[in-house]
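Undergrad: Sharing a structure with you now.
The values are calculated or read from the model by the stated rules, or taken from the named source; none is laboratory data. Since the model is a prediction, treat every value here as computed from it, not as a measurement. No Cβ is skipped: glycine too gets one built from the backbone with ideal geometry, and neighbour counts run over all protein chains shown. The area values use the complete protein model at the heavy-atom level, side chains included, leaving out ligands, DNA and RNA. Shrake-Rupley method; radii C 1.70, N 1.55, O 1.52, S 1.80 Å.
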Amino acid sequence: MKLVVVSAGLSVPSSTRLLGDRLAAAVSAGAGAGAGGGVEVEVVELRDLAVEIAHNLTTGFPGPALGAALSAVTEADGLIVVTPVFSASYSGLFKSFFDVLDRDALTGKPVLVAATGGSARHSLVLEHAMRPLFAYLRAVVVPTGVYAASEDWGAEGLAERIGRAAGELAGLMSGGGFAATRPSAPEVVPFAEQLAALRVP
């Protein structure tokens, strides 16, 4: 199976690329544990393609590096797409890449959406910007998106979200769906008991 990571990080090193790498490693581990495991991972760094993307937007023709990246995305069995948050949405570079991709290239393709930002306040970018974009492109977006704010690195919760999302993508790529990869449900505490626990003596 071929997994392609599309990273729109601009700096070197980039937290956006780091998140993409961690997600790819988790998908590879999950797919490798299943039948017929083995995942080939290719990373597309949009920073390196910025000039060719701009030329394609104005001329309608991709340069050789951009053409290879577009082909990799089209031929992938699954995608991880990661962008930094700019002005409460995905970056212009990220959107421009998918603007020059063939409109049918992602039809039915499993996609994991992820983003990085300086504050947890921007986490809804996954739901109000990224998920609608890939739904429009007729991709199959996994239920769990992953957002990593600056304070999430090294904190509890991020590794769990990465594992859950990666399991869902690995399941879709292998044709087994994602229901079996979901973690067990937490114990349900009745609402009345939760309220009682909050009462001040």
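Undergrad: Collect residues whose amide H, placed 1.01 Å from N in the peptide plane, falls under 5 Å from the amide H of SER91; neighbours closer than 5 in sequence don't count.
TA: Residues meeting the amide H criterion: PHE86.
Undergrad: I would also like to ask the following. Tell me which residues come under 5 Å, amide H to amide H, from ALA115 once H is placed; ignore anything under 5 positions away on its chain.
TA: THR83, VAL146, TYR147, ALA148
Undergrad: What is the set of long-range amide H partners of VAL5 at a cut-off below 5 Å, with H atoms built 1.01 Å from backbone N?
TA: Correct list: GLU42, VAL43, VAL44, ILE80.
Undergrad: Taking θ = phi - 60°, what integer Hz values does the Karplus form 6.51 cos²θ - 1.76 cosθ + 1.60 yield along the stretch 42-48, in sequence order, with x for Gly and Pro?
TA: 10, 10, 10, 8, 5, 3, 6
Undergrad: Continuing with the same structure: In whole percent, how big is the carbon plus sulfur part of the accessible area of the stretch 1-154, probe 1.4 Å, protein atoms only?
TA: On the way: 3830 of 6750 Å².
C and S fraction of accessible area: 57 percent.
Undergrad: Distance between the C-alpha centers of the stretch 91-115 and the stretch 58-79? Whole Å please.
TA: Cα centres, the stretch 91-115 to the stretch 58-79: 11 Å.
Undergrad: To the nearest 0.05, how large is the calculated FRET efficiency for SER71 and ALA120 if R₀ is 45 Å and r is the Cβ-Cβ distance?
TA: On the way: r = 36 Å, r/R0 = 0.81.
Efficiency computed from Cβ-Cβ geometry: 0.80.
Undergrad: Still on this structure, I have one more. With a/c under 1.5 counting as rounded, go ahead and sort the stretch 1-117 into rounded, prolate or oblate using the C-alpha gyration tensor (a ≥ b ≥ c being the square roots of the eigenvalues; past the cut-off, prolate if a/b is larger than b/c, else oblate).
TA: Numbers: a/c = 2.01, a/b = 1.34, b/c = 1.49.
Oblate shape, in that a/c is at least 1.5 and b/c is the bigger or equal ratio.
Undergrad: Continuing with the same structure: Determine ³J(HN,Hα), in whole Hz, for all residues of the stretch 57-62 in sequence, where each value follows from phi through the Karplus function 6.51 cos²θ - 1.76 cosθ + 1.60 and θ = phi - 60°; x replaces Gly and Pro.
TA: 5, 8, 10, x, 10, x
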